[in-house]
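I have placed the structure first, in the form of C-alpha cells, so that the comments after it can refer back to it.
The values are calculated or read from the model by the stated rules, or taken from the named source; none is laboratory data. All values reported here derive from a predicted model rather than from experimental measurement. Here the Cβ is made from the backbone with ideal geometry for all residues, glycine too, and neighbour counts use every protein chain on show. For the accessible areas, the whole protein counts, side chains as well, though only heavy atoms, and no ligand, DNA or RNA atoms are used. Shrake-Rupley method; radii C 1.70, N 1.55, O 1.52, S 1.80 Å.
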Amino acid sequence: MTAAVANPINVTHAEGDKVQPDANKLVLNQHFAVPESNAFGNSFRNYEAESKRNRRVEEFYKNSHINQTYDFVTKMRERYNKLNRAEMGIWECCELLNEVVDDSDPDLDEPQIQHLLQSAEAIRKDFPNEDWLHLTALIHDLGKILILQKFGGLPQWAVVGDTFPVGCRFDESNIYHKYFKDNPDFNNPKYNTKSGIYKEGCGLDNVNMSWGHDDYMYMVAKENGTTLPNAGLFIIRYHSFYPLHKHGAYAQFMNEEDKANMKWLHIFNKYDLYSKSKVRVDVEKVKPYYQSLIKKYFPEKLKW
C-alpha cells in the first residue's frame, strides 16, 4: 500500500536549475548552491577526465555492459525476490553502508552513508514540508548492501552505476555504449529493436531494468509495505536511469503515471548528484529526525 503525496505540488520546469510550481513559489537552489566541481576538482559526471579513478570507472562499466543481460536480470530478480537474506530496520541498514564505496561514481569516494545524508539534508533545506522526499533521499541507495557478503557479495557491476532496460536495444545515450557490443543480447533479434519485447506505453513497471541497488531497494520497500508515496518508489527505482531522465531515451515505454513522477525525479536528481562533498554530515545530530521518518513510513523490521 502506498499513500498519496501530502499537499502535492504541480511542478513545471523553468530556465536553468529552477523548478517552479503553479501555486507555491519554489526555487530548487533556494538554499543549496550547486558546486562548480566535484570532490576531485572535475565537473560532475565527467567520464573523460584522465585520472586513476576514471580508468577504474570505465573498467566498471565495461563489465556491467557486457554482463547485464536479460537472462542475468531475470535470475537476480528471482533470487532476491525471496527477501531471505536478513531481517533488520532501515537505520541499521544505513549503518552498513559505512563499509561501502561506489566504484562507479566519478564524483565521490566517501562511504555511502555520507552520500545518503548529504543528499537528504540538502533536500530537507529546500523542501521542509515534504518529509517523504527527505526519507527517500536517505534510503535511495540502501540497495548497495548487495556488495556485502551477507547479501550475496555481488560484484560492483551488478550493484551500482547507471541503469538501463534489458530486453530491447541498448540506446547510444548509455555511458560507454561501445562495450555493449560484447553483450550476448546485442545481436539477438529478439532484444535488439527499439522496443524489443515491450510495447510502447506499457509503463516502466513492466520493463526489466539492469540489476542493481535501485531495483533491489524498490523491491524491499514495496514488499515490506512502505507507505511512501508512489513518487518516492519511482525515485528509488529509477534514480540511476540517466539515459531516461537526462537524455530522454526509452521514453516510449512511459505511461501517464511515469510522466507525472518524472517531475519529482528531476527535482531529486539535482540533490542526489550535486550534494556530493568531502564535508561530512554529523550523523548523530541528524539521526533522531530520520529515525522519526523511518517509523512513520516503514515497519520496525524489514525482510531483505
If K144 passes every condition in (1) basic (K, R); (2) under 30 Å from S292 (Cβ atoms); (3) without any contact (Cβ under 8 Å) to a residue 60 or more places away in the chain but one, which one does it miss? (3)
One residue is enough: does segment 173-194 have a residue meeting the conditions open to solvent by less than 30 Å² (accessible area, probe 1.4 Å), modelled with pLDDT under 95 and among the charged types (D, E, K, R)? no
Y218: passes all of (1) open to solvent by 20 Å² or more (accessible area, probe 1.4 Å); (2) closer than 24 Å to A260 by Cβ; (3) over 18 Å from the mean Cα position of the chain (by Cα) but (3)
At pLDDT 95 or above, basic (K, R), assigned to a loop (DSSP other than H, G, I, E, B) and open to solvent by 10 Å² or more (accessible area, probe 1.4 Å): is that true of R85 in this structure? yes
Taking Y271 as meeting all but one of (1) more than 15 Å from L116 (Cβ to Cβ); (2) modelled with pLDDT under 95; (3) buried (at least 20 other Cβ atoms within 10 Å of the Cβ), write down the number of the exception. (1)
For segment 220-244, which positions are assigned to a helix (DSSP H, G or I) and either closer than 18 Å to K144 by Cα or among the basic types (K, R) (or both)? V220, A221, K222, E223, G232, L233, F234, I235, I236, R237, Y238, Y242
Within the bounds of segment 196-206, is there any residue that is open to solvent by 20 Å² or more (accessible area, probe 1.4 Å), aliphatic (A, V, I, L, M), under 22 Å from Q68 (Cβ atoms) and not in a helix (DSSP H, G or I)? yes
